1. Could you grab me the full set of residues in region 301-342 that are of a type in the set (Val, Ile, Thr) and outside any helix (DSSP H, G or I)?
2. Filter region 140-180 for residues that are assigned to a helix (DSSP H, G or I) and at pLDDT below 90 and give the result.
3. I'm trying to understand the selection: among the residues of region 14-25, which are modelled with pLDDT of 95 or more and either in a loop (DSSP other than H, G, I, E, B) or among the basic types (Lys, Arg) (or both)?
4. Counting just the residues of region 181-191 that are part of a loop (DSSP other than H, G, I, E, B) and not acidic (Asp, Glu), which one comes out farthest from Thr273 (Cα to Cα)?
5. Does Ala27 qualify as being touching a residue at least 40 places away in the same chain (Cβ under 8 Å) and in contact with an Asp or Glu (Cβ under 9 Å, 6 or more places away or on another chain)?
6. Determine which member of the set Asp449, Asp459 is modelled with pLDDT of 95 or more, more than 18 Å from Pro61 (Cβ to Cβ) and acidic (Asp, Glu).
7. For region 409-432, give me each residue that is in contact (Cβ under 8 Å) with a residue 40 or more places away in the chain and either under 16 Å from Val453 (Cβ atoms) or surrounded by fewer than 18 Cβ atoms within 10 Å (Cβ to Cβ) (or both).
8. Using the structure shown, decide if Ala294 is without any contact (Cβ under 8 Å) to a residue 40 or more places away in the chain, assigned to a loop (DSSP other than H, G, I, E, B), in the same structural domain as Lys179 (by TED's automatic domain parsing) and surrounded by fewer than 23 Cβ atoms within 10 Å (Cβ to Cβ).
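The values are calculated or read from the model by the stated rules, or taken from the named source; none is laboratory data. Model, not experiment: these values are computed from the prediction. Methodologically, a virtual Cβ is constructed for each residue, glycine included, from the backbone with ideal geometry; neighbour enumeration extends over all protein chains shown.
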Amino acid sequence: MTRRTKIVATIGPATESPEALERAILAGANVVRLNLSHGHVDEHIEALARVRAVAERLDLPIGVLADLPGPKVRSGQFPDGGVELTAGTFVHLRPGEGASDNGTIWVEYETLLDDIDIGDRVLIGDGSICMRVENMTSTYAEAIIETGGRTQGRPGVHLPSERLSLTTPTAEDLVLAEKMVAAGVEFLAVSFVRHADDVAKVRQVVGTQVGLVAKIETASAIANLGGILQVSDAIMVARGDLGIDCPLEDVPHLQKSIIRQCVEYGTPVITATQVLESMITAPSPTRAEVTDIANAVFDGTDALMLSGETAVGHDPALTIETMGKIAERAEAEASYRQWAARLGRIQRQRWDSLHDRITAAVTHAASEAAVDIGATAILCCTNTGRTARAMARFRPEMELVALSPHQRTVNSLSLSWGVGPFKVDDFGSEMVSVAVATALEHGLVQPGDNALVLAGTGDRDSTTSANAMRVVTVR
């Protein structure tokens, strides 16, 4: 493959038909996201079936990510046409259900008055409307509007996350998780994660058959990122809510820090929110969006995610193609060899278990050996995908190929940077020859090329992973 950074595309009305899905996948989408915050679960299961049918017809590995809603605090309904909330005016925030206006905003959260205090910021919708609590009574909180604007419908209400009594996952999340795993998705995204236990609760329900993506969108998640990384299969930098819960000026620095830690752990990371927002309606992106994508690639993100751009945008395929071109151009400037050398030093300091040290040692050796012998490709034979993901963190310049007899593993590797996944028959005793023959068949290597073959053994809970490396000259 040419582009190494993967693209996650959210499907919605603009991409729900088989024809639109096909155009999106051919344009370069690697993973399809189902946003469970909208629509009924049966509609998402039907959408999953359409994705599978299109991917099978195109013979392309496509992962599917189901994004759980998580706890969402909403306001009471504003009048039709909306209302203007004017900066400098006061508004009462009341817990319960009722009709909101520019004097009283009902918040459908019964412990509202217990969970906020004087001085707290409360934001409406995407955070463009901001107010600060000035006074508390037994029935309402009085807040001054600092940044005004027009609002309508039932927008979300953002409260300080560290004191919310709402928990993640919700009971609804767990029900949806079970249904989507039974339907066959590769990933579940857990919203508003604050602690490792939030991810562990979902794991207890769905087991190890699906990858869990922790969405980092709260200050608490930033503080507990190390523990969250230990229990997650992937991370999403959810910049929308992260920019509400944390100072907006901190978001670029938090993004870089999260991505760096994910790469060090060998955990795939997705950069999300407003990546190509202007292309929901416009035929080309802003210069700032182009720079944002390039910087995310330079940071080392595994994947970039499109939300409304492909769910309701006017030309999802064009948006995906545009993102692909920008990412590919940025990759040409990235210094991945220095990256790999730096990771080699870090892993000796941070990887403690025998399981981790074996994986780290073999993949580190492979990253250096591939350069020394001028390898055309690194071929990872894997049952669970762990070998390929561990290799991907070194960002090798040559082809990185994953071969597995399990379709779920193949699909799940569509999220990992640079990995070209292929399904093969059972390896048997001919693992190396099967790997080389498959790479040759797909034009990834040619006779006379040198290739490295890595073999991974065991499952998720095994004490070994990538534990064998062989150099092969293709015949």
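1. Our first condition is that a residue be of a type in the set (Val, Ile, Thr); within region 301-342, this holds for 301, 310, 312, 319-320, 322, 326.
Correct list: Thr301, Val312.
2. Ser161, Glu162, Arg163
3. First pass over region 14-25, keeping only residues modelled with pLDDT of 95 or more: 14-15, 17-25.
Hits for region 14-25 are Ala14, Thr15, Ser17, Arg23.
4. Looking only at region 181-191, we keep the residues that are part of a loop (DSSP other than H, G, I, E, B), and these are 184-186, 191.
Checking which are not acidic (Asp, Glu) leaves us with 184-185, 191.
Numbers: Gly184: 26, Val185: 22, Ser191: 14 Å.
My answer is Gly184.
5. It is true that Ala27 is touching a residue at least 40 places away in the same chain (Cβ under 8 Å) and in contact with an Asp or Glu (Cβ under 9 Å, 6 or more places away or on another chain).
6. On the way: Asp459 fails: modelled with pLDDT of 95 or more.
Of the residues listed, the single one that is modelled with pLDDT of 95 or more, more than 18 Å from Pro61 (Cβ to Cβ) and acidic (Asp, Glu) is Asp449.
7. Filtering region 409-432 down to residues in contact (Cβ under 8 Å) with a residue 40 or more places away in the chain leaves 410-418, 420-423, 427, 431-432.
Matches in region 409-432: Gly420, Pro421, Phe422, Lys423, Phe427, Met431, Val432.
8. On the way: without any contact (Cβ under 8 Å) to a residue 40 or more places away in the chain: yes; assigned to a loop (DSSP other than H, G, I, E, B): no; in the same structural domain as Lys179 (by TED's automatic domain parsing): yes; surrounded by fewer than 23 Cβ atoms within 10 Å (Cβ to Cβ): yes.
Considered against the rule, which asks whether it is without any contact (Cβ under 8 Å) to a residue 40 or more places away in the chain, assigned to a loop (DSSP other than H, G, I, E, B), in the same structural domain as Lys179 (by TED's automatic domain parsing) and surrounded by fewer than 23 Cβ atoms within 10 Å (Cβ to Cβ), Ala294 comes out as no.
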